[in-house]
1. With 10 angstrom as the radius, rank 49, 24 by how many other C-beta atoms surround their C-beta, starting from the fewest.
2. With axes computed from alpha carbons, what is the tilt in degrees of helix 4-22 against the longest principal axis of the chain, rounded to the nearest 10 within 0 to 90?
3. Can you bin region 24-75 into rounded, prolate or oblate? Criterion: square roots of the alpha carbon gyration tensor eigenvalues sorted a ≥ b ≥ c, rounded for a/c under 1.5, prolate for a/b above b/c, oblate for the rest.
4. Taking the Cα atoms only, what angle lies between the long axis of helix 67-82 and the longest principal axis of the chain, rounded to 10 degrees?
5. Using the number of other C-beta atoms within 10 angstrom as an exposure proxy, rank 98, 32 with the fewest first.
6. For the chain, what is the calculated [θ] at 222 nm in deg cm²/dmol (nearest 500), taking -39500 (n - 2.57) for each run of four or more DSSP H residues and dividing by its residue count?
7. Roughly how many whole Å is it from the C-alpha centroid of region 2-47 to that of region 66-103?
8. Indicate the gyration tensor shape class of region 4-112 (rounded, prolate or oblate), computed on the Cα atoms with a ≥ b ≥ c the square roots of the eigenvalues: a/c under 1.5 is rounded; otherwise a/b larger than b/c is prolate and the rest oblate.
């Protein structure tokens with residue numbers, strides 16, 4: 001059996017690729033760019049996101065958790081800007097894209113696991 005990290009990263013890559021192709025929130029050139037972005041997004045969600053959540057806890061509490069959506073969008077924006085295969089406009093587009101990616105990824109995980 002494959003390692004769960006590899007399978008979940010592939011699911012995330014498929015979600016990033018599908019979201020880029022069906023929406024106009026960002027452009028993705030090929031699946032390999034989506035795979036690299038998925039790996040970097042998985043690592044940043046495991047390492048950087050908890051640190052950012054800790055430091056932004058007061059504003060997250062004040063906004064009743066809504067700020068977490070923008071924080072996730074910001075992380076996605078930074079990851080997609082690192083790769084040449086993507087073109088994304090701004091933080092709002094990244095936030096909406098992250099929500100769509102999460103829904104597609106959740107659905108694919110539901111089907112496979």
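Readers should treat all values here as calculations from the given coordinates under stated rules, not as data from a laboratory. Everything quoted here is computed from the prediction, not taken from an experiment. Virtual Cβ from ideal backbone geometry, glycine too; neighbours counted across all protein chains shown.
1. Least crowded to most crowded, the residues run 24, 49.
2. Helix 4-22 sits roughly 90 degrees off the main axis of the chain.
3. oblate
4. In the chain, helix 67-82 runs at an angle near 50 degrees to the longest axis.
5. The order, fewest Cβ neighbours first, is 32, 98.
6. On the way: 5 runs with 88 residues, N = 113.
Theoretical 222 nm ellipticity from helices: -26500 deg cm²/dmol.
7. Here the answer is 12 Å between Cα centres.
8. prolate
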